[in-house]
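The values are calculated or read from the model by the stated rules, or taken from the named source; none is laboratory data. Model, not experiment: these values are computed from the prediction. Cβ sites come from the backbone with ideal geometry, for glycine too, and all protein chains shown count toward neighbours.
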Amino acid sequence: MTSTRPYLIRALYEWIEDNGLTPHILVDAEAPGVSVPRQHVREGRIVLNINPAAVRDLRLGNDWIEFSARFGGVSRAIQIPVAAVLAIYARENGQGMAFGEEKSGDEPPPPGSPPPEKPDKPDKPARPDRRPALKIVK
């Protein structure tokens with residue numbers, strides 16, 4: 001199943017913009033694939049202003065957030081995997097959303113962890129395979 005994170009980021013970005021506020025994202029700068037100016041990273045994180053007036057060619061994709069921005073007068077191409085976005089919020093009032101750690105369903109459980117619980121089977125017997133029937137009601 002695809003992640004909800006990119007959809008929520010796009011929706012909150014649009015909501016923040018519609019309300020005339022300034023969208024910022026908090027990024028885990030230590031995550032694999034993150035390309036940001038390291039001199040602005042603090043405690044492994046960086047806050048980026050993604051307001052249209054501050055960036056060029058912003059692309060909020062399902063896998064990557066990409067744009068170019070100026071840092072100290074120098075234009076830089078920024079690439080951030082969506083999974084590295086920790087939060088999106090409005091600078092003026094802090095309203096937005098923080099994201100928890102996402103786990104892929106493809107990863108095996110850590111060693112020593114108990115097996116995942118299986119849901120109980122329903123008491124209903126399985127329906128035999130049959131074709132749906134439609135009835136004309138007058």
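Of note:
- Counting the residues of the range 54-84 that are over 16 Å from LEU8 (Cα atoms), among the polar types (S, T, N, Q) and either in contact (Cβ under 8 Å) with a residue 24 or more places away in the chain or in contact with a Cys (Cβ under 8 Å, 6 or more places away or on another chain) (or both) gives 1.
- Filtered residues of the range 24-53 (kept if free of Cβ contacts under 8 Å to residues at least 24 places away in the same chain, more than 23 Å from GLY100 (Cβ to Cβ) and among the small types (Gly, Ala, Ser)): ALA53
- Per the listing ARG59, ARG70, ARG42, the residue uniquely surrounded by fewer than 12 Cβ atoms within 10 Å (Cβ to Cβ), within 21 Å of GLY94 (Cα to Cα) and out of contact with any Gly (no Cβ under 9 Å at 6 or more places or on another chain) is ARG42.
- For the range 1-26, a tally of residues being β-branched (Val, Ile, Thr) and modelled with pLDDT under 95 returns 2.
- Of the strands (runs of 3 or more DSSP E) lying entirely inside the range 62-108, those containing at least 2 residues that are in contact with a helix residue (DSSP H, G or I) (Cβ under 7 Å, 6 or more places away or on another chain) and either aromatic (Phe, Trp, Tyr) or at pLDDT below 90 (or both) span 64-71.
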